[in-house]
Amino acid sequence: MKEFDRARADFQHVTQLYPANKAAKSQIVVCQKHIKEQHEKDKRLYANMFQKFAERDAKKESEQEKEQEKKENGSTIKIDENGAQEQTAA
């Protein structure tokens with residue numbers, strides 16, 4: 001059922017009750033191996049996932065900053081020769 005954590009706990013309980021049980025000890029090792037493999041698999045999966053999210057967020061943030069700059073630069077104030085101010089929209 002691929003519930004290696006629970007299986008390992010069960011086998012550890014068996015080894016506590018019967019310390020000479022070699023089959024239980026070997027199954028603990030097998031369970032630990034599977035847990036480690038699953039951990040590595042999850043690590044690769046989620047590392048890529050979070051990297052993609054980080055890239056998307058950075059791209060979105062960059063686009064928002066550019067839009068904000070356009071809004072700020074879109075309305076400019078010009079001063080003519082006589083010192084009068086004129087506001088124009090780009």
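Overview of results
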read-out	value
Residue under evaluation I28, criteria (1) surrounded by 10 or more Cβ atoms within 10 Å (Cβ to Cβ); (2) modelled with pLDDT under 95, criterion not met	(2)
Within segment 13-24, tally of residues that are touching a helix residue (DSSP H, G or I) at 6+ places or on another chain (Cβ under 6 Å) and not polar (S, T, N, Q)	2
Single residue of segment 38-47 satisfying the filter (open to solvent by 90 Å² or more (accessible area, probe 1.4 Å) and not basic (K, R)) that is nearest to A9 (Cα to Cα)	H39
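Listed here are the residues, each with its yes/no results for (1) within 23 Å of the chain's Cα centre (by Cα); (2) surrounded by 11 or more Cβ atoms within 10 Å (Cβ to Cβ); (3) modelled with pLDDT of 75 or more.
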{"residue": "L17", "(1), (2), (3)": "no, no, yes"}
{"residue": "A24", "(1), (2), (3)": "no, yes, yes"}
{"residue": "K36", "(1), (2), (3)": "yes, yes, yes"}
{"residue": "T76", "(1), (2), (3)": "no, yes, no"}
{"residue": "E86", "(1), (2), (3)": "no, no, no"}
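The values are calculated or read from the model by the stated rules, or taken from the named source; none is laboratory data. Since this is a predicted model, take the numbers as computed values, not measurements. Cβ: placed from backbone, ideal geometry, glycine included. Neighbour counts: every protein chain shown. Accessible surface areas use protein heavy atoms only, side chains included; no ligands, DNA or RNA. Shrake-Rupley method; radii C 1.70, N 1.55, O 1.52, S 1.80 Å.
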